[in-house]
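Below is one structure, written out as structure tokens; the observations come after it.
The values are calculated or read from the model by the stated rules, or taken from the named source; none is laboratory data. These numbers come from a predicted model, not from an experiment. Quick reminder, even Gly has a Cβ in these numbers, built from the backbone with ideal geometry, and neighbours come from all protein chains shown. Just the protein is used for accessible areas: all its heavy atoms, side chains included, with ligands, DNA and RNA removed. Shrake-Rupley method; radii C 1.70, N 1.55, O 1.52, S 1.80 Å.
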Amino acid sequence: MASPLEIVTVPCLSDNYAYILRDKASGKVAVVDAPDAKAISKALDKRGWGLDWILITHHHGDHVDGVPKLKSRYGCKCVGAKKDEGRLPKLKVALNEGDKWKLGETRLRVIDVSGHTVNHIAYYCKKAGVVFTGDSLFAIGCGRVFEGTHLMMWESLSKLAALPPETEAYFGHEYTLANAKFALTADPENAALAERAKEVEAMRAKGEFTTPTTIGLELATNPFLRAAEASVQKAMGMEGADPAAVFGEVRRRKDVF
Ligand code: ZN
Ligand code: FE
């Protein structure tokens, strides 16, 4: 089945990604996060598209700083987490975990992925088989836990890990090469990871984006999703420990890597 969405990846600032979504049936256009109004406008203009909505994942400046300029240029409106309304740009649509919202004819569902920030949300489109994870899940990594707890982040990542393995995950930063280097220390016996690390190195050498990844690929190679696996537990010196605790140890090590 053809995807109901057209998706355009827009590199912004030094390592951020914004994603333009166009609902093919209605022609409605949204952008997931607004790191840089200029880069997003350029991508829209090139295609002759307007902008109806900005879907915000979380409140950090590198995800919302482009909102005012995009609003004044396109008259678009914001969608975001209801529980974070106090510190997000003004929302036209405020959503909670599990809420559904339609871009034209295409339904998206909100997944609360708190941890990097509390009330960080991801947008999942089952029909298109895609999820926009912001700074929760990255390729071979995850966001730093600034506001939540390690347990909270583990639970959030576990929700993403439970999506169909073929789901494409579009993430907020191109950190994949650095993530791979750390991951090799956290899961040193993982052959799939070793192979992927080489691929990532080749892709980045050519300037290619590593987004999107897939949930299946992350389950096989991302040490933050693999805290229940014997190989990662062994590398952490925590065989048989609670996966959430192992996740916490992997995250702590990455913080000082
Ligand atoms: Zn962030
Ligand atoms: Fe960010």
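Mind listing whichever residues of region 111-129 are more than 15 Å from ligand 1 (Cβ to nearest atom) and surrounded by fewer than 24 Cβ atoms within 10 Å (Cβ to Cβ)? I'd like the intermediate steps shown before the answer.
Initial filter on region 111-129 (more than 15 Å from ligand 1 (Cβ to nearest atom)): 111-112, 123-129.
Hits for region 111-129 are 111, 112, 124, 125, 126, 127, 128, 129.
Of all residues being in a loop (DSSP other than H, G, I, E, B) and touching a residue at least 12 places away in the same chain (Cβ under 8 Å) in region 235-257, which is surrounded by the most Cβ atoms within 10 Å (Cβ to Cβ)? Just the residue, please. Let's see the steps before the verdict.
Of all residues in region 235-257, those in a loop (DSSP other than H, G, I, E, B) come to 236-242, 256-257.
After this cut, where a residue has to be touching a residue at least 12 places away in the same chain (Cβ under 8 Å) as well, the list is 236, 257.
Working: 236: 21, 257: 12.
Only one residue tops the list, namely 236.
Just for region 32-55: of the residues that are touching a residue at least 40 places away in the same chain (Cβ under 8 Å) and of a type in the set (A, V, I, L, M), which one is farthest from ligand 1 (Cβ to nearest atom)?
The residue in question is 55.
Name the pairs: first residue in region 141-155 and touching a residue at least 12 places away in the same chain (Cβ under 8 Å), second residue open to solvent by 50 Å² or more (accessible area, probe 1.4 Å) and among the basic types (Lys, Arg), Cβ to Cβ under 9 Å, at least 6 apart or on different chains?
These pairs meet every condition: 150/252.
I'm checking my understanding of the structure. Among residues of region 1-26 that are farther than 21 Å from residue 126 by Cβ, touching a residue at least 40 places away in the same chain (Cβ under 8 Å) and in a loop (DSSP other than H, G, I, E, B), which one is farthest from the chain's Cα centre (by Cα)?
Among them, the one singled out is 13.
Just checking, which of 45, 65 is open to solvent by 60 Å² or more (accessible area, probe 1.4 Å) and more than 22 Å from the chain's Cα centre (by Cα)? Spell out the reasoning first.
Values: 65 fails: more than 22 Å from the chain's Cα centre (by Cα).
The conditions single out 45.
Could you grab me the full set of residues in region 188-234 that are touching a Lys or Arg at 6+ places or on another chain (Cβ under 6 Å) and either open to solvent by 10 Å² or more (accessible area, probe 1.4 Å) or over 26 Å from residue 16 (Cβ atoms) (or both)? I'd like the intermediate steps shown before the answer.
So the first thing to find is which residues in region 188-234 are touching a Lys or Arg at 6+ places or on another chain (Cβ under 6 Å), and the list is 221, 232.
Within region 188-234, just 232 meets the criteria.
Which residues, counting only those in region 143-180, are within 16 Å of ligand 2 (Cβ to nearest atom), open to solvent by 50 Å² or more (accessible area, probe 1.4 Å) and part of a loop (DSSP other than H, G, I, E, B)?
Those that are within 16 Å of ligand 2 (Cβ to nearest atom), open to solvent by 50 Å² or more (accessible area, probe 1.4 Å) and part of a loop (DSSP other than H, G, I, E, B): 144, 146, 147, 175.
Give just the number: which of (1) open to solvent by less than 10 Å² (accessible area, probe 1.4 Å); (2) within 16 Å of ligand 2 (Cβ to nearest atom); (3) in contact with an Asp or Glu (Cβ under 6 Å, 6 or more places away or on another chain); (4) not basic (Lys, Arg) does residue 132 not satisfy?
All conditions pass for residue 132, except number (3).
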